[in-house]
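Visitor: One structure follows; several queries about it will come next.
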Amino acid sequence: MVSKEMAEGDLSLQVPASCRPGESGKTKRDFTEIVEEYVEGIYRLREGLGRATTGELADYMCVSPGSATSMVRKLDHLGLVKYTPYKSVELTADGEKLAKVLTRTHRVLKRFLVDMVGLPWNDVHELACKLEHYMSADVIDRMYERLDRPKTCPHGNPINPDEEDGSVRLADTAVGDKLRMVKVTNERYEFLKFLEEVGLLPGKEFEFVGATEIDGLLHLRVGGKRVTVGREVSRHVWVQKTA
């Protein structure tokens with residue numbers, strides 16, 4: 001039976017403002033999710049490859065080159081990038097600021113999902129990509145504090161995007177080097193699963209024992225076991241020398 005209070009309209013049971021039809025502006029962000037993804041993608045490509053062409057951005061976003069170019073032109077119009085055809089896309093000061101906020105948010109979320117929720121390190125990237133567009137700075141800061149202010153995400157990348165960790169790509173080291181893995185910049189499930197299977201995890205020490213130049217293969221000794229890796233691993237695994 002409906003109570004008298006309910007019949008007269010109990011406003012305490014109303015749906016929250018941000019969830020009401022036509023009230024999306026209550027929690028509106030400055031930019032759409034797709035704009036944020038592109039900006040973050042440009043930042044990640046530049047971080048991993050040193051550049052971000054429209055072709056590379058199209059591959060990263062899994063879209064056609066034409067679609068990537070159209071979006072880059074939109075980002076240029078929004079003042080987030082500087083776009084010159086046939087050259088690398090450059091973030092503006094506003095674009096850089098947005099990318100760093102998204103990157104920090106992404107890394108805190110990954111650490112939270114691994115440390116607090118218990119998800120595996122190789123399967124949090126996609127979920128964090130979704131959540132980062134709906135999390136306020138206040139919530140992320142609270143997560144960060146609850147995690148006791150971690151220095152890195154589960155993949156070894158600094159929580160603070162401005163922090164330098166002194167690492168270099170595995171590809172830039174030499175045979176005979178004794179190394180420690182610092183971070184990985186490719187977060188695809190299959191890639192991380194492979195690293196886990198061969199024992200290459202952040203903090204792991206290993207030795208670079210040989211190379212096959214003709215096909216770019218590197219031979220490592222990881223935990224007493226000989227491991228051979230290719231160009232993708234050598235580009236996306238970052239290390240420091242231990243001796």
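Visitor: Could you give the length gained by full extension between residue 162 and residue 190, i.e. 0.36 nm per residue of separation minus their alpha carbon distance, to one decimal place? Please report the intermediate quantities before stating the final value.
Guide: On the way: separation 28, 0.36 × 28 = 10.08 nm, distance 2.81 nm.
Working it through step by step, the gained length comes to 7.3 nm.
Visitor: A follow-up question, please. Compute the helix-to-body angle for 33-49: its Cα long axis versus the longest principal axis of the chain, expressed 0 to 90° and rounded to tens.
Guide: Between the helix axis and the principal axis of the chain, the angle is about 10 degrees.
Visitor: Same structure, new question: Using the heavy atoms of the protein chains alone and a 1.4 angstrom probe, what is the accessible area of the chain per residue in square angstrom?
Guide: 57
Visitor: Counting only protein chains, not ligands or nucleic acids, how are 144, 60, 86 ordered by accessible area (probe 1.4 Å), most first?
Guide: Heavy-atom accessible area, descending, gives 86, 60, 144.
Visitor: Sticking with this one: What does the charge dipole of the chain about its Cα centre add up to, to the nearest 20 debye, if the Cβ of each Lys and Arg holds +1 and the Cβ of each Asp and Glu holds -1?
Guide: The calculated dipole for the chain is roughly 420 debye.
Visitor: Top to bottom by accessible area (1.4 Å), largest first, where do 189, 43 land?
Guide: 189, 43
Visitor: Right, something else. Stokes-Einstein at 10 °C, 1.306 mPa s, Kirkwood radius from Cα pairs: D for the stretch 129-243 in µm² s⁻¹?
Guide: Estimated diffusion coefficient is 103 µm²/s.
Visitor: Expressed as a fraction of 2.2 N^0.38 Å, the rule-of-thumb size for a compact globular protein of N residues, what is the C-alpha radius of gyration of the chain?
Guide: The reported ratio for this selection is 1.24.
Visitor: Please work out how much accessible surface residue 145 shows to a 1.4 Å probe, ignoring ligands, DNA and RNA, in Å² rounded to 10.
Guide: Surface accessible to solvent at residue 145 totals approximately 90 Å².
Visitor: Roughly how much of residue 40 is accessible, in Å² to the nearest 10, using a 1.4 Å probe?
Guide: Roll a 1.4 Å probe over it and residue 40 shows about 10 Å².
Visitor: Which FRET efficiency value, to the nearest 0.05, is calculated for residue 141 and residue 215 with the Förster distance at 35 angstrom and r the Cβ-Cβ distance?
Guide: Calculated transfer efficiency: 0.15.
Visitor: Still on this model: Under 1.5 on a/c is rounded, so check that first for the stretch 192-243, then, if it is not, pick prolate when a/b is larger than b/c and oblate when it is not; a ≥ b ≥ c are the square roots of the alpha carbon gyration tensor eigenvalues.
Guide: The shape class here is rounded.
Visitor: What do you get for the angle between helix 137-146 and the principal long axis of the chain? Use alpha-carbon atoms, 0 to 90 degrees, nearest ten.
Guide: 60
Visitor: I've got another one for you. Give me the one-decimal nm value for the distance between modelled label points at residue 77 and residue 174, 7 Å along each residue's Cα-to-Cβ direction.
Guide: Here the modelled spin labels are 5.2 nm apart.
Visitor: Let me ask something else about it. Relative to the present Cα-Cα distance, how much length would full extension add between residue 97 and residue 64 at 0.36 nm per residue of separation?
Guide: 9.2 nm
Visitor: From largest accessible area down, sort 129, 62; use a 1.4 Å probe on the protein chains.
Guide: 62, 129
Visitor: While we're looking at this one, here's another question. For residue 151, go through the aspartates and glutamates and keep the ones whose alpha-carbon is under 17 Å away, minus same-chain ones fewer than eight residues off.
Guide: Cross-link targets: 115, 141, 162, 163, 164, 165.
Visitor: Follow-up question, since we're still on this one. Calculate what fraction, in whole %, of the accessible area of the chain sits on carbon and sulfur atoms when a 1.4 Å probe is rolled over the protein chains.
Guide: Ligands and nucleic acids excluded, carbon and sulfur give 51 percent.
The values are calculated or read from the model by the stated rules, or taken from the named source; none is laboratory data. None of these values were measured; they are calculated from a predicted model. Positions of Cβ are generated from backbone atoms using ideal geometry, with glycine treated the same way; all protein chains shown enter the neighbour counts. In case anyone asks, the SASA skips ligands and DNA or RNA and just uses the protein heavy atoms, side chains included. Shrake-Rupley method; radii C 1.70, N 1.55, O 1.52, S 1.80 Å.
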